[in-house]
1. Long-range amide H contacts for Thr57: which residues qualify at under 5 Å (H placed 1.01 Å from N, peptide plane, sequence gap of 5 or more or a different chain)?
2. Rounded to two decimals, what ratio of Rg to Rh does segment 77-128 give with C-alpha atoms and a Kirkwood Rh?
3. Compute the distance in nm between two label points, each set 7 Å from the Cα along the Cα-to-Cβ direction, one at Trp80 and one at Ala14.
4. Quick one: net charge of Thr49's neighbours, Cβ under 12 Å, K/R +1, D/E -1?
5. State, in angstrom, two size descriptors of segment 23-106 derived from its alpha carbons: Rg to one decimal place and Dmax to the nearest whole number.
6. In nm, give the distance between the simple-model label positions of Ser25 and Ser63, each being 7 Å from the Cα along the Cα-to-Cβ direction.
7. Hey, rough spin-label estimate for Ile112 and Gln39, points 7 angstrom out along Cα→Cβ, what's it come to in nanometres?
8. Using the reciprocal of the averaged 1/r over all distinct C-alpha pairs, how large is the Kirkwood radius of segment 1-62 in Å?
Amino acid sequence: QVQLVESGGGLVQAGGSLRLSCAASGGTFSAYAMGWCRQTPGKEREFVTATSWSGGTIVYADSVKGRFIISRDTSNNTIWLQMNSLEPEDTAVYYCAATKSPLYYSDDYFRIGEYNYWGPGTQVTVSS
C-alpha cells in the first residue's frame, strides 16, 4: 500500500532550475532515510542525494554538490530536490527512494541497494 510519487520534472535550458517533490503515502509509512537517484538509458543507476528522516545525515554525490539541495517536510512525508545550475549531463529519469532499515554509517546512504521503496520516476531534460 505504500507509494512514492515524484512530480516536478520537465524541460529546462542549461543554467535553469527545477524543483522535484516526492510524496510518500498509503499508510503509516515511516522511513529511516529518503533520497533521489537518476538513470539515463545505457548507463547504470546513479545516486544523487539522500537525507535521514531525522535530518542528522545529508549526503550528495560529488556531481551535484553546490547545485542541488535536498529537503524534507515531516508534516506530510515529502522530500524535495531543488536543482539549480542544471547541465545537460543532469538529463535523466529521477527516482525517489526510501528505506525503513537503519543506516549506521554515512557511506551506507550512497549504496543504492539499501533502498527498498521506489517511485515510478519523473523525466528531467536539460537542453544545451
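The values are calculated or read from the model by the stated rules, or taken from the named source; none is laboratory data. None of these values were measured; they are calculated from a predicted model. Virtual Cβ from ideal backbone geometry, glycine too; neighbours counted across all protein chains shown. With ligands, DNA and RNA removed, areas are computed over all heavy atoms of the protein, side chains included. Shrake-Rupley method; radii C 1.70, N 1.55, O 1.52, S 1.80 Å.
1. Counting only residues 5 or more places away or on other chains, the set is Ser52.
2. Reported Rg/Rh (Cα atoms, Kirkwood Rh): 1.03.
3. The modelled label-to-label distance comes out at 2.8 nm.
4. +2
5. Over segment 23-106's Cα set, Rg and Dmax evaluate to 13.1, 38 Å.
6. With each label point 7 Å from Cα toward Cβ, the separation is 3.1 nm.
7. Taking the two extended label points, one gets 0.6 nm.
8. 13.8 Å
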